[in-house]
Every structure is written in structure tokens, then in C-alpha cells.
Amino acid sequence: MAFWKKKLKIDPLGGDPNAVLLAEAMSKQDVAAVRELFASVHHPDDRAYYAGICAEVPGVQDWIDGWIAAEPGSTLPLLLKGVHGVRHAWEARGAATAEHTAMEQFREFHRRLKIAEDCLDEVVERDPDDTTAWAALVTSARGRQVGAAEAQRRFQGVISRFPEHREAHEQMLQYKCGKWFGSEEEMFAFARSGPDSLAHLVAVAHIESWLGGDDGGALESEEVRAELRAAEGRAAGARRDPGWGTVDNTFAMAFGLADEWTAAKARFEMIGDRVTEWPWLYLGDAERKFEQFRKRANRLG
């Protein structure tokens, strides 16, 4: 069956066998298995990705303090509690805009974020080279509403140790969006100044700009199309780490919004059925929107 005719289902583990093993270990509270896997993972992007897998497992906050108490010399359980805590906090807040979010939700959001940041702060104090903890602090910077100088300090904590950290750059771009604490100009300046391996940030910036626009139309200008094609070219040699699926999906969505269907079709062929929830959730039902875009890419590309 052709790839564009298959029934889609989002796989939150991205088809990665290590992610499957890790999610199962966290679900079973098998800390030895979790510790063993992290001991074998050394690349900063991979460590951040797998910490994120741990963070998505429900109920971590109910048992991880026991692991922390059992291994006071280890920063790993503290790290995972902190990364999970940031995700857990956003669950409490929900996805609605501020005016549609209850005060009780905000209080719980900030309570959980404070717990998470206390853990992450302790990790970077004990192990300043832990880029995953620094990157999580970049993420939580938006929720804690820290100033630009503090957000930059956290970001610098990552890139001074690994300049091409994907998650840290993606989260700092969000901080610089107009919907958070930056502006259109700051967002694009940050995206365009990034390393070639992170040129997909240009596509993210155009998606964010499109979302914030008034007409809801496609990114139809030739200038935008040319910049997206150039960004894809710059990123062509980037390392395809386990979390790369979101990058592929970002380019596919951006090309579709820009009516660049030939480029979109090529990217969909690379993706196959590995649809990721982000960024398609910006358009509504992620699976349905992905399906609509790739069918159109097959027809027009």
C-alpha cells in the first residue's frame, strides 16, 4: 500500500526501540534498567530526548522520591523528576490561553514548576555540565516568567557546553516568540542566526509567524519559500538523532503552508508514517491534518 494511503496513528515513542524499553522501565519503576540505558547514552541531544520520554510516563511524581532517597549520590533521579515536573506543570495549566485558564490551574502550574526547578537547580549545582537539566530550565523559563537576562543565562548554560543543542534552541525560540516574551523580530533573528544543523528553526519561526497572523493564509511569498528551501538545504547534513521526527514534520508542515508541494512531498516520503504530534497540533487534530497535507503533497508535488 502506498505510504499516503495508510491509516495513521501517532507513536509517541517514534518507533525507537530504546524509547520503548525506557518507557516500559519507567512504567515498571525499574530504576536499574533506566540507569543502565542512560549510562550508555552520551550525546547531549539523545540524553535530552530520552529524559523527555521518561517525563511523559504518567505517575512518575508518585514514586520517584523513593529513588532519589535510595541514591542520594546520583543526580539522574533528580534530573528525571525535574524534567517530568516541567511537563507535569504544563498538564495542570492546560493548553488554553491565559484568559481561559482558571486561577486554580495557574496556582497548581506554578507549584509544580517550583518543585521541578528546585530539582533542576540542584542538578546543575552538583553537575554544571548536565545540559539536559539546563535545557529543561530553558523550557521552564517561560512558565516562571523569568526576565530575558535569566532566560539567556539558562540558555548559555547549555550552549557553552554544547552549542548545537536542539531542544535548548527550540525552547529558547519559543521564549523569543511574540506570544511569550519576545517579538517577531527577536524570534526571526534568533532562528536565522542558529547553526546550520538547526536551520529547521527558520521553519518553526515561519510557522509561529503564520499562527500569529491575521489572515490565516499560506506562507505564499517567494521570499518565504526561498528561505524555507535554503533552510532545508542548510540542515541536510544534520545528525539524525532519535528525536529528529519533529524536524521532518516541521519542514513538511511549513512547506505545505507555503504551497511548496514538491518539497513537502519529498519530506513526507522521508517521514513515512512517523507523524509527530507537534507541530501538527497547531492546526487541530494532528493525525488528520498530517493526512490532509500529505495527500495534497502527493497530488500536487
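The values are calculated or read from the model by the stated rules, or taken from the named source; none is laboratory data. Keep in mind that this is a model prediction, so the values were computed, not measured. A quick note on method: Cβ atoms are made from the backbone with ideal geometry, for glycine too, and the neighbour counts reach across all protein chains shown. Only protein heavy atoms, including side chains, enter the accessible area calculation; ligands, DNA and RNA are left aside. Shrake-Rupley method; radii C 1.70, N 1.55, O 1.52, S 1.80 Å.
Counting pairs of alpha carbon atoms under 8 Å apart in space and at least six apart in sequence, what relative contact order in percent does the range 136-275 give? Mind showing how you got there, number by number?
Details: 146 pairs, mean separation 24.7, N = 140.
That works out to 18 percent.
Relative to the dominant Cα principal axis of the chain, helix 76-93 is inclined by about 60°. Against the chain, whose longest principal axis comes from its Cα atoms, helix 44-55 is set at around 70 degrees.
Computed in the context of the full set of protein chains, the accessible area of the chain at 1.4 Å probe radius has 51% of its extent on carbon or sulfur.
Say a paramagnetic label sat at a point 7 Å from the Cα of Lys9, along Cα to Cβ; which residues of the range 261-301 have their backbone N under 19 Å from it? Counting backbone N atoms under 19 Å from the label point, the list is 272-278, 285-292.
By how many degrees, 0 to 90 and rounded to 10, does the Cα axis of helix 200-212 deviate from the longest principal axis of the chain? That helix lies at roughly 80 degrees to the long axis.
List, in order, the whole-Hz ³J(HN,Hα) value for each residue of the range 139-154 obtained from phi through the Karplus relation with A = 6.51, B = -1.76, C = 1.60 and θ = phi - 60°; use x for Gly and Pro. Each residue of the range 139-154 in turn: 4, 6, 4, 5, x, 7, 6, 6, x, 4, 5, 5, 4, 5, 4, 5 Hz. Reducing the range 103-122 and the range 266-294 to their Cα centroids gives an inter-centroid distance of 32 Å. At a probe radius of 1.4 angstrom, the accessible area of the chain per residue rounds to 47 square angstrom. Cross-link pairs exceeding 25 Å between alpha carbons, from the set Lys28/Lys114; Lys28/Lys81; Lys114/Lys179; Lys9/Lys265; Lys179/Lys289: Lys28/Lys114.
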